[in-house]
1. Name, by its number, the condition in (1) farther than 30 Å from Tyr4 by Cα; (2) among the β-branched types (Val, Ile, Thr); (3) surrounded by 15 or more Cβ atoms within 10 Å (Cβ to Cβ) that does not hold for Ile95.
2. Condition (residue is without any contact (Cβ under 8 Å) to a residue 60 or more places away in the chain, among the charged types (D, E, K, R), loosely packed, with under 10 Cβ neighbours inside 10 Å and out of contact with any strand residue (DSSP E or B) (no Cβ under 9 Å at 6 or more places or on another chain)) applied to segment 15-24: is it met by at least one residue?
3. Kindly indicate whether Ala78 is buried (at least 18 other Cβ atoms within 10 Å of the Cβ) and in contact with a His (Cβ under 8 Å, 6 or more places away or on another chain).
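Derivation of every value follows stated rules applied to the coordinates shown; laboratory data play no part. Nothing here was measured: the structure is a model prediction, and the numbers come from that model. Cβ placement follows ideal geometry from the backbone for every residue including glycine, while neighbour counts extend to all protein chains displayed.
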Amino acid sequence: DGFYTVSDRGITVAIDTTLTKELVEEGFVRELISKIQTMRKEAGFNVTDHINVTVEGSKKVTDIALSKKADIAGDILADGITAAKPAGYTKDWDINGEKVTIGVEKV
């Protein structure tokens, strides 16, 4: 179990489908970036505007946002990502079954 295999013309390929902690975290990071980019657009921010991000809710999502904030911040032009009461333009999200409220505001 944990493998997906396909055979064609005498060649078999097997892929490990086990979700490691790192893969799960990367999925949350990608979802956070996507949600924040959507919020930037909805708030009418310019692509070049620097922002601050606040996150509240699911401990799992908050912990990942803080532990990976350098990676996330680089992709979304955030000067800061903090676990606090969301400020600025806020929105509730369900990220992979985890409830979180995110706030974005221009710096």
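1. (1)
2. Checked against the condition, which is being without any contact (Cβ under 8 Å) to a residue 60 or more places away in the chain, among the charged types (D, E, K, R), loosely packed, with under 10 Cβ neighbours inside 10 Å and out of contact with any strand residue (DSSP E or B) (no Cβ under 9 Å at 6 or more places or on another chain), segment 15-24 yields at least one hit.
3. Values: buried (at least 18 other Cβ atoms within 10 Å of the Cβ): yes; in contact with a His (Cβ under 8 Å, 6 or more places away or on another chain): yes.
So Ala78 fits the description; yes.
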